[in-house]
1. Those residues that are touching a strand residue (DSSP E or B) at 6+ places or on another chain (Cβ under 9 Å) and either crowded, with 19+ Cβ neighbours inside 10 Å or within 13 Å of residue 100 (Cβ to Cβ) (or both), I need them from segment 133-160; list them, please.
2. Tell me whether segment 39-47 contains one or more residues that are closer than 30 Å to residue 151 by Cα and acidic (Asp, Glu).
3. Of a type outside the set (D, E, K, R), surrounded by 13 or more Cβ atoms within 10 Å (Cβ to Cβ) and modelled with pLDDT of 95 or more: which single residue out of 103, 48 fits that description?
4. Tally up the residues in segment 59-90 that are under 18 Å from residue 9 (Cα atoms) and surrounded by 13 or more Cβ atoms within 10 Å (Cβ to Cβ), please.
5. Going through 8, 53 one at a time, which residue ends up being under 15 Å from residue 151 (Cβ atoms), of a type outside the set (Gly, Ala, Ser), crowded, with 18+ Cβ neighbours inside 10 Å and touching a residue at least 12 places away in the same chain (Cβ under 8 Å)?
Amino acid sequence: MRPFLFWIDRLNSWIGKLFSWLILTLTVVTAYSVIARYVFRVPLDWSVDSSYIMYGTFIMMGGAYTLSRNGHVRGDMFHRSLPVRAQAALDLALYFLFFIPGVLALVWYGFDFAADSWSIQEKSSVTTVGTPIYLFKAVIPVAGILLLLQGIAEIIRCIQALRTGAWPERLADVEETESKLTKESQL
């Protein structure tokens with residue numbers, strides 16, 4: 001089971017790191033747009049569309065990566081004080097009650113949303129440029145599928161933690177800030 005879980009983690013890690021480059025691209029586009037607008041007095045309508053497309057793509061494609069790193073924000077003030085089996089049981093219940101139905105809805109309706117957009121070759125109405133946005137809308141079901149795949153891996157981890165009383169290892173975990181500060185203060 002461990003190789004399967006690590007394969008999912010690696011896939012989402014690779015995709016997350018690939019799409020993280022959109023932040024650099026977004027920064028360059030935004031800087032170029034600001035310079036063009038305020039220095040050369042030439043507004044760039046296309047930069048508005050491309051900025052929200054890049055940012056939205058980055059956020060959607062980063063969801064599964066963040067879940068693979070156990071990095072999503074949660075109200076864990078109570079969660080972390082629970083024993084591992086109780087944490088796993090709570091997480092498992094929440095995955096089945098909220099995560100799976102929500103992600104399935106995202107994939108299901110995302111496919112419809114993207115298919116409609118592709119069928120009419122939808123263009124942005126935010127600016128006069130008419131930037132094609134059907135490619136952007138295709139990201140929605142893809143991100144949902146990756147999130148669902150990572151969610152399955154997390155459910156398997158919860159089941160293993162329920163059986164063993166210890167969380168199975170991951171490729172990498174996000175370390176809590178207070179843990180880092182505690183380690184640094186002990187040095």
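The values are calculated or read from the model by the stated rules, or taken from the named source; none is laboratory data. Everything quoted here is computed from the prediction, not taken from an experiment. Reconstructed Cβ throughout: ideal geometry from the backbone, glycine too, with neighbour counts over all protein chains shown.
1. Just the residues of segment 133-160 that are touching a strand residue (DSSP E or B) at 6+ places or on another chain (Cβ under 9 Å), to begin with: 133-134.
Matches in segment 133-160: 133 only.
2. Scanning segment 39-47 turns up no residue that is closer than 30 Å to residue 151 by Cα and acidic (Asp, Glu).
3. On the way: 48 fails: modelled with pLDDT of 95 or more.
Going through 103, 48 in turn, the sole match is 103.
4. Within segment 59-90, residues that are under 18 Å from residue 9 (Cα atoms) and surrounded by 13 or more Cβ atoms within 10 Å (Cβ to Cβ) number 13.
5. 8
Here is a yes/no grid of residues against (1) on the phi < 0 side of the Ramachandran plot; (2) without any contact (Cβ under 8 Å) to a residue 60 or more places away in the chain:
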| site | (1), (2) |
| --- | --- |
| 19 | yes, yes |
| 37 | yes, yes |
| 70 | no, no |
| 89 | yes, no |
